[in-house]
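First up is the structure itself, then whatever we jot down about it.
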Amino acid sequence: MFKKILIANRGEIALRILRTCKELGIPTVAVYSEVDRDSLHVVFADEAVCIGPAPSNQSYLKIPSILSAAQITGADAIHPGYGFLAENAEFSEICADSNIKFIGPSPDSIRKMGDKAFAKETMKKVGVPVVSGSAGVVNDVDEAKKIAAEIGYPVMLKASAGGGGKGMRIVLEESEIEKAFQTAGNEAGAAFSNSALYMEKYVENPRHIEIQVLCDQHGNFYHYGERDCSIQRRHQKLIEESPSPFITNAVRTKMGEAALLGVRSVNYEGAGTIEFLVDKHQNFYFIEMNTRIQVEHPVTEMVRNLDLIKNQILIAAGREIEDKPLDSRGHAIEFRINAEDPDHNFRPSPGQIEYLHFPGGFGVRIDSHVYTDYVVPPNYDSLIAKMIIWGTDRKHAIARARRAFEEFQVEGIKTTIPFHKKVLENEKFINGDFDTSFIDKHININ
Ligand code: ADP
């Protein structure tokens, strides 16, 4: 087993990883930027190293600083969490060259399955349906027009280097394509320093349903069922749940098998998520793979009664996966609590938390790094907490979520809590009758 694990991340996920390391008896090293000095991951880690100023390109993305921190402290493994360097093949490679185990897939797997075009080709080859679209990057407007005419409108332009729903545009007809190509390209350039775009057929009113997989070095490829992440704003997930209230058991089985076909074919190692869009007829289409742990992983942990981070660490250490997949039990829903103002177009709301009270009781899990007096810095993702509710069935989980939100108090900053309360009162949500357009159509936000 590893002697010491460095956690190359911040916020709730850094704390989440640290908790598992402690339970495994593995000492931890936190890294932090100057503005994160008072963060809980720094407080609770065995050692902590400041790696630079607030901007992430000078701290959490700065590979030499993170490697020096690992070398100085004698860490022999690095957990990257999600975001930042988690899907950076070069980082994973440099770790290997420095004799530090990157807790995640090989650089080759990240390169292959992290590349949307390659991943789609891989899935297609093993017979998994994929969203039709361009073979790779679309170079200019003329090419975009040509491909759109072939696959048929509506289409979607998407950033090749994409993530977090940025750099995406729906194009309903040819007259809109030129403007969409420019705006999506500009947005992608600003967000990812890469303006390359690709095109897909726009799946109308889809569900976003994804499969969690774990694969070790001993030929065990398991899937742990699905998460339905259809409650999204601007293509970004806000609520995730398992099981999906939409798909039949037969479709569930087929999606799991499809996910495993894909990961087996590239000899994948570690945790990963295979994302699908599902249309109203329950046809499913692969869109992308995330080669890392995801924000919404606790949903699976709650219904499968397992620790995905522990299994990631075991796999990286060359051990077998401990938790074989058992049936899902009960229902879990995760609510993302962001420091954003839902009454003002979800604009960021950083600043000092003047008062904080987390809900508790049976079936309520809070993953969070914040506390009363904590200052939410403006520099990073706005996620301040995740509330994961477990109930015996969906109805029970919804009732429990409502009572938990009554207890949840945050003062000093705006959060997405009022938005979640609205969703929990909505008939369509309660009946499980929704798709990715739910918020636009049914939740009145300014
Ligand atoms: P990102 O990597 O930015 O998260 P994804 O490819 O995972 O991008 O897509 C994010 C979301 O955007 C999906 O969950 C879905 O709501 C929407 N989306 C993406 N591709 C399509 C498509 N071809 N048709 C309809 N919706 C799509």
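Throw me the Rg/Rh for the stretch 132-201, computed over C-alpha atoms with Kirkwood Rh, two decimals.
0.93
Give the longest segment of the chain that steers clear of chymotrypsin sites (Phe, Trp or Tyr not before Pro) in DSSP loops with at most 15 neighbouring Cβ atoms within 10 Å, not counting the sites themselves.
On the way: sites that count: Phe362, Tyr371.
In the chain, the maximal stretch lacking such sites is 1-361.
Suppose R0 equals 45 Å. What FRET efficiency, 1/(1 + (r/R0)^6) with r the Cβ-Cβ distance, do Ala190 and Arg403 give to the nearest 0.05?
Values: r = 42 Å, r/R0 = 0.93.
After rounding to 0.05, the efficiency reads 0.60.
Give the residue list of GluC sites (Glu not before Pro) in the stretch 131-201 that are DSSP loop and have at most 15 other beta-carbon atoms within 10 angstrom.
Filter output for the stretch 131-201: Glu173.
Report the local net charge at Ile63: Lys and Arg +1, Asp and Glu -1, summed over other residues whose C-beta lies under 14 Å from its C-beta.
Result for the neighbourhood of Ile63: -3.
What helices does the chain hold that run 18 Å or longer along their axis, going by alpha-carbon atoms, with a Kyte-Doolittle average of -1.0 or more, using DSSP H for the helix calls?
Span-like helices in the chain: 11-24, 177-192, 249-265.
Among the trypsin sites (Lys or Arg not before Pro) within the stretch 237-287, which fall in a DSSP loop and have no more than 12 other Cβ atoms within 10 Å of their own Cβ?
Here the trypsin sites (Lys or Arg not before Pro) that fit, given the DSSP loop and packing criteria, are Lys280.
Write out the GluC sites (Glu not before Pro) in the stretch 339-446 meeting two conditions: DSSP loop, and at most 16 other Cβ atoms within 10 Å of their Cβ.
For GluC sites (Glu not before Pro) across the stretch 339-446 that sit outside H, G, I, E and B with at most 16 neighbouring Cβ atoms in 10 Å, the list reads Glu354.
Relative contact order for the stretch 164-298: what is it in percent, counting Cα pairs under 8 Å that are at least 6 residues apart? Before the final figure, lay out the partial values.
Details: 204 pairs, mean separation 29.5, N = 135.
That works out to 22 percent.
Of the listed pairs Lys125/Lys441; Lys116/Lys179; Lys124/Lys421, which have alpha-carbon separations greater than 29 Å here?
Lys125/Lys441; Lys124/Lys421
Between Thr372 and Thr183, what length in nm is gained on full extension when 0.36 nm per residue of separation is reduced by their alpha carbon distance?
Full extension of this stretch gives 64.0 nm more.
So what is Rg over Rh here for the stretch 345-405, counting just Cα atoms and using Kirkwood for Rh? Please report the intermediate quantities before stating the final value.
Numbers: Rg = 13.8 Å, Rh = 13.2 Å.
Using only Cα positions, Rg/Rh for the stretch 345-405 is 1.05.
So for the chain, averaging the separation of alpha carbon pairs under 8 Å that are six or more residues apart and normalising by length, what relative contact order in percent results?
14 percent.
Where the only charges are on Cβ atoms (+1 Lys, Arg; -1 Asp, Glu), what is the dipole of the chain about its Cα centre, to the nearest 20 debye?
Dipole size: approximately 600 debye.
What whole number of Å gives the distance from the Cα centroid of the stretch 355-403 to the Cα centroid of the stretch 246-289?
28
From the helices alone, meaning DSSP H stretches of at least four residues, give me the mean residue ellipticity at 222 nm for the chain, per-run term -39500 (n - 2.57), in deg cm²/dmol to the nearest 500.
On the way: 15 runs with 150 residues, N = 446.
One gets -10000 deg cm²/dmol as the mean residue ellipticity at 222 nm.
Relative contact order (percent) for the stretch 5-103, with alpha-carbon contacts under 8 angstrom and 6 or more residues of separation?
On the way: 175 pairs, mean separation 28.4, N = 99.
Rounded, it is 29 percent for the stretch 5-103.
Which value in Å does the Kirkwood hydrodynamic radius of the chain take, with 1/r averaged over all unlike C-alpha pairs and then inverted?
Here the Kirkwood hydrodynamic radius works out to 22.4 Å.
Please compute the modelled spin-label separation between Lys395 and Tyr355, points set 7 Å along Cα→Cβ, answer in nm with one decimal.
About 3.6 nm separates the two model spin labels.
Alpha carbon centre of the stretch 147-161 versus the stretch 418-441: separation in Å?
For the stretch 147-161 versus the stretch 418-441, the Cα centre distance is 28 Å.
Calculate the radius of gyration of the Cα atoms of the stretch 5-103 to one decimal place, then report Dmax, the largest Cα-Cα distance, as a whole number, both in Å.
When restricted to the Cα atoms of the stretch 5-103, Rg and Dmax are 11.9, 32 Å.
For the stretch 274-392, what is the per residue volume of the convex hull drawn over the alpha-carbon atoms, in cubic angstrom? Please report the intermediate quantities before stating the final value.
Working: hull volume 22.4 nm³, N = 119.
Spelled out: Cα convex hull of the stretch 274-392, divided by residues, is 188 Å³.
Net charge within 13 Å of Gly74 by Cβ-Cβ distance, Lys/Arg positive one each and Asp/Glu negative one each, not counting Gly74 itself?
-1
Which of the lysines could a cross-linker bridge to Lys4, judged by Cα under 20 Å and excluding same-chain residues fewer than eight apart?
Candidates past the 8-residue exclusion: Lys22, Lys101, Lys310.
A short reminder: the numbers here are calculations on the coordinates, not readings from a lab. Owing to the predicted nature of the structure, the values given are computational and were not obtained by experimental measurement. Note that we place each Cβ from the backbone using ideal geometry, even for glycine, and neighbour counts take in every protein chain shown.
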